Amino acid sequence: MAHDLVIRGGTVVDGTGAERFEGDVAIDGDRIVAVGKVSGTGHREIDARGQVITPGFVDIHTHLDAQIAWDPVASSSCYHGITSGVLGNCGVTFAPCRPEDREYLAAMMESVEDIPATSILQGLPWDWQTYGEYLSSIDRMPKGINVGGMVGHCAVRYHAMGERSLSDEPANAEDLARITALVDEAMGAGALGFSTSRTFMHKVPDGRCVPGTYADVAEMLAVGRVLGQHGKGVFEAAARLGE
């Protein structure tokens, strides 16, 4: 039997915790069909002697949120064996987003992660408002790696509270209803979880801390309950000392 691709003679580390071993990997289409000793030939064969063969790595903390639109292979992550990346870390995301808030979210990303706002605004299609629509837009982009995303506290809180989201004022009952509804929509649409920034190092362009930095325990628990209701999702925080 001829396979599309056979990688031969490498040191296989299969990711299960099992001991490494010398072996082959056969691939047909986009599926690994055999691991071990492959007797059949390959239409293409790679000599992996002296090399390590592993599953692709998952980078759970990236800021490829904009770059993925103009750099489908997600360099330089892909150069290090990354085949799946998670967007939406540190509470900074591009959705949910009203059209009039696009420049603000882009400027916030530049301030926090040093990604030029001009590139973000010009490089992304911005054809979404909800987080679900954002995921659909990402899905339509050609990609060399798999990506998923967490919905970020900054975008959620700014969408729900506007300028008040940057103050140390606690969210009121109406604010919490809007915040939790936005997180609920995102989780229902396929978000991998929720991320927030609590560190004083993350700031918006005017020097204030990003939305969510001062959110109180009640707000954090309200968001956590949404994830609990969905029975899934990571709650990620860029925490500050003492939290």
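The values are calculated or read from the model by the stated rules, or taken from the named source; none is laboratory data. Predicted model only: the values in this text are computed from it and were never measured. Cβ placement follows ideal geometry from the backbone for every residue including glycine, while neighbour counts extend to all protein chains displayed. Only protein heavy atoms, including side chains, enter the accessible area calculation; ligands, DNA and RNA are left aside. Shrake-Rupley method; radii C 1.70, N 1.55, O 1.52, S 1.80 Å.
Some values worked out for this structure:
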item	result
Filtered residues of the stretch 151-181 (kept if open to solvent by less than 20 Å² (accessible area, probe 1.4 Å) and free of Cβ contacts under 8 Å to residues at least 60 places away in the same chain)	ARG157, ALA160, MET161, SER165, LEU166, ALA171, ASP175, ILE179
Checklist (1) under 30 Å from the mean Cα position of the chain (by Cα); (2) over 26 Å from SER76 (Cβ atoms) applied to ARG49, failing item	(1)
Pairs, first open to solvent by 50 Å² or more (accessible area, probe 1.4 Å) in the stretch 56-74, second part of a strand (DSSP E or B) and aliphatic (A, V, I, L, M), C-beta under 7 Å, six or more apart	PHE57/ILE82; ILE60/VAL86; HIS61/VAL86
Filter result for the condition that a residue is within 19 Å of the chain's Cα centre (by Cα), more than 20 Å from ILE60 (Cβ to Cβ) and surrounded by fewer than 21 Cβ atoms within 10 Å (Cβ to Cβ), over ASP216, ASP206, ASP184	ASP184
Given (1) over 30 Å from ASP184 (Cα atoms); (2) open to solvent by less than 60 Å² (accessible area, probe 1.4 Å); (3) of a type in the set (A, V, I, L, M, F, W, C); (4) at pLDDT 95 or above, index of the condition CYS78 fails	(4)
Which listed residue is under 16 Å from VAL92 (Cβ atoms) and of a type in the set (Val, Ile, Thr), from VAL151, VAL217	VAL151
The stretch 9-30: number of residues that are under 21 Å from CYS78 (Cα atoms) and either at pLDDT below 95 or of a type in the set (Phe, Trp, Tyr) (or both)	3
Given (1) open to solvent by less than 30 Å² (accessible area, probe 1.4 Å); (2) among the hydroxyl-bearing types (Ser, Thr, Tyr); (3) part of a loop (DSSP other than H, G, I, E, B), number of the condition THR11 does not satisfy	(3)
Count - residues of the stretch 21-38 that are open to solvent by 50 Å² or more (accessible area, probe 1.4 Å) and free of Cβ contacts under 8 Å to residues at least 24 places away in the same chain	7
Flag if ALA237 is surrounded by 22 or more Cβ atoms within 10 Å (Cβ to Cβ), under 23 Å from the mean Cα position of the chain (by Cα) and closer than 26 Å to SER137 by Cα	no
Selection status of THR41, surrounded by 14 or more Cβ atoms within 10 Å (Cβ to Cβ) and either more than 30 Å from HIS202 (Cα to Cα) or not aliphatic (A, V, I, L, M) (or both)	no
